[in-house]
Amino acid sequence: PWICRACCQSLIPRSLIGRSTATRRALSTNSRFFHVSEEVQQAVAERRPIVALESTIYTHGLPYPDNLALASRLESLVRINGGVPATIGILEGVARVGMGTEELIRLVSSSGARKVSRRDLGFACGMTGIDGKGLNGGTTVSGTMILAHKAGIRIFATGGLGGVHRGAEQTMDVSADLTELGRTPVAVISSGCKSFLDIPKTLEYLETQGVAVATFADGRENDVDFPAFWSRDSGVRSPAVVRDEVEAARVIYAHVSLGLQSGLHFANPIPEQYSIPLTQMETTIAQALREAETAGATGAASTPYVLAKIKDLTGSKSVEANKALVEANVIRGTRVAVALQKLEI
Ligand code: PSU
Ligand code: MN
C-alpha cells in the first residue's frame with residue numbers, strides 16, 4: 001500500500017500507482033513551505049529504509065558545535081546500519097525533510113531557533129524575523145512526525161518522548177507528542193519518558209489516543225517496565241513487549257496494512273552500563289522542578305528548562321547517558337526500518 005499525500009492520506013494499493021515519475025510527483029508537494037531533499041525523495045521512491053531524526057534536541061538540548069557533532073554522528077549511524085537518514089527541521093521558513101551539511105550547520109548554529117510542535121508550524125513558516133528572513137526551528141517529536149509522514153517516512157528515532165506532566169490535573173500540560181502519536185501513522189523509537197513526567201498518566205493518555213506502545217524485551221521474559229529515559233526501569237509495567245526489531249516491524253506492517261491512522265511507540269531502554277537508578281534521579285528531578293516553578297518556566301518552556309537544570313545538576317553523567325541512548329535508539333530504529341522494508345517486498 002501507498003499513502004496518498006495529495007489529498008486524503010489514505011492507503012492506495014501499490015498496483016494502482018505507476019512507480020517512477022508518478023511517485024516522484026506525488027512526493028514534491030505543492031507547498032513552497034515544504035522541501036524534501038533529493039536523496040530522501042529518491043529513497044522514498046525506491047522504498048529504501050529511511051529514518052527520520054528530530055532537531056529540537058539540537059536547537060534546545062545541546063550547545064553548538066556539540067549539537068552538530070551529534071547530528072552528524074546520528075546520520076552516520078543510520079547509514080552504517082543500511083538506512084537513509086532524514087533530519088527534519090525548519091530552515092529560514094521552509095520545513096525541510098533531509099538536510100545537507102551546510103543546511104544542518106545553519107540550523108543548529110542559529111541562536112533564535114524556535115521549538116516547533118504542530119501548533120507552531122504555520123508561524124515558523126509564515127512569519128519573518130526582524131532581519132526580514134524566514135525563521136529557523138527545531139521540530140519536536142510532534143512537528144517531526146507530521147513532516148516525516150508528509151514525506152512518506154514511517155520510522156523516526158529520537159532520545160525521549162514528551163508526556164503528561166506531573167500536576168497535569170491542574171496545569172493541563174500534556175505534550176503535543178501524545179496527541180500527534182494518536183493521529184499520525186509514524187513509528188517512534190525512543191527511550192521512553194523522563195521521570196519528571198507522570199509516566200502512568202502518560203501511558204493512560206497514549207492508550208486513550210489509540211497509540212500502540214511496546215518496549216523491547218532484550219531477553220527479559222516478564223515484568224518489563226516502560227523505561228524512564230536514564231533509567232531502564234520506571235516501576236510501571238509496559239503495556240506490551242516486542243522481542244526484537246523484526247517483531248516491531250511486523251507490528252508496524254500489520255498496523256499500517258489495517259489502515260490505522262494512529263502512531264506507534266517502541267521504547268528502547270537505555271543501555272545497561274549507562275542506566276541511572278530511578279531513586280538516584282528523583283532528588284535531582286525534584287530540585288529541577290522546584291527551580292522551574294520559581295523561574296515561572298511553564299508551557300513549551302517547561303521541558304527545555306527542566307532538562308537544562310538536570311544537566312547542570314548531574315553534569316557529564318546525564319549528558320553521556322543521553323548521547324548513548326539516542327545512538328542506541330537510532331541504531332534500533334534503522335534495524336526496524338530495514339526489517340520493515342523486507343516485509344514490504
Ligand atoms: N524529552 C527528552 N528530550 C527532548 C525532548 C523531550 O528527553 O529533547 C524534546 C522533544 O523534542 C519532545 C519535546 O518532542 O521535548 C516535548 O516538549 P513538550 O514537553 O513541551 O511537549
Ligand atoms: Mn507542554
Legend entry - Fewest-first sequence of Ser111, Ser117 by Cβ atoms within 10 Å of each Cβ: Ser111, Ser117
Inset, instruction - With a point put 7 Å past each Cα toward its Cβ, work out how far Leu258 is from Lys133 in nm, to one decimal. - result: 4.7 nm
Inset, instruction - Return the long-range amide H neighbours of Arg237 (sequence gap of 5 or more, or a different chain), with a cut-off of under 5 Å between placed amide H atoms. - result: Phe226
Inset, instruction - Name the most mobile residue of Met172, Met145, Met99, meaning the one with the largest mean-square fluctuation, in a Gaussian network model of the chain with Cα contacts below 10 Å. - result: Met172
Legend entry - Between segment 105-141 and segment 46-92, the alpha-carbon center distance in angstrom: 17 Å
Inset, instruction - Go ahead and set up a Gaussian network model of the chain, Cα springs under 10 Å, then flag whichever of Pro185, Pro227, Pro271 fluctuates most. - result: Pro271
Legend entry - Sparse-neighbour loop sites [GluC sites (Glu not before Pro); segment 143-239; at most 10 other C-beta within 10 Å; DSSP]: Glu221
Legend entry - Proxy reagent accessibility, fewest Cβ within 10 Å first, across Phe33, Phe226: Phe33, Phe226
Legend entry - Amide hydrogen neighbours beyond the local backbone of Ser55, cut-off 5 Å, H modeled: Ile88, Thr139
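How big is the dipole moment of segment 222-345 about its Cα centre under a simple scheme where the beta carbon of each Lys and Arg is +1, that of each Asp and Glu is -1, and everything else is neutral? Debye, nearest 20, please.
Values: 12 positive and 14 negative charges, 40 e Å.
Here segment 222-345 has a charge dipole of around 200 debye.
Provide the FRET efficiency to the nearest 0.05 for the Thr283-Ile105 pair, computing r from the beta carbons and using R0 = 35 Å.
Working: r = 38 Å, r/R0 = 1.08.
So, using R0 = 35 Å, E works out to roughly 0.40.
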Legend entry - Of Ser318, Ser111, Gly122, farthest towards positive along the dipole that unit charges on Lys, Arg, Asp, Glu beta carbons give the chain: Gly122
Legend entry - Cα-Cα over 24 Å, subset of Lys150/Lys323; Lys115/Lys311; Lys194/Lys323; Lys201/Lys342; Lys150/Lys309: Lys150/Lys323; Lys201/Lys342; Lys150/Lys309
Inset, instruction - Calculate the dipole size of the chain relative to its Cα centre from +1 charges on Lys and Arg beta carbons and -1 charges on Asp and Glu beta carbons; express the result in debye to the nearest 20. - result: 1100 debye
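Could you work out the percent of alpha carbon pairs in the chain separated by over 31 Å, rounded to a whole number?
28 percent
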Legend entry - Quotient of Cα Rg and 2.2 N^0.38 Å for segment 200-264, N being how many residues it contains: 1.15
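I need the semi-axes of the equivalent ellipsoid of segment 146-286: take the C-alpha gyration tensor, multiply each eigenvalue by 5, square-root it, list largest first in whole angstrom.
Details: eigenvalues 113, 72, 31 Å².
Here the semi-axes work out to 24, 19, 12 Å.
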Legend entry - Whether segment 90-189 is rounded, prolate or oblate, judged on the alpha carbon gyration tensor where a/c under 1.5 counts as rounded: oblate
Legend entry - Long-range HN-HN contacts of Arg114 with modeled amide H, under 5 Å: Asn136, Gly137, Gly138
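Bear in mind that the values in this text are calculations on the coordinates, not laboratory data. All values reported here derive from a predicted model rather than from experimental measurement. Counting neighbours? That spans all protein chains shown, and the Cβs are built from the backbone with ideal geometry, glycine included.
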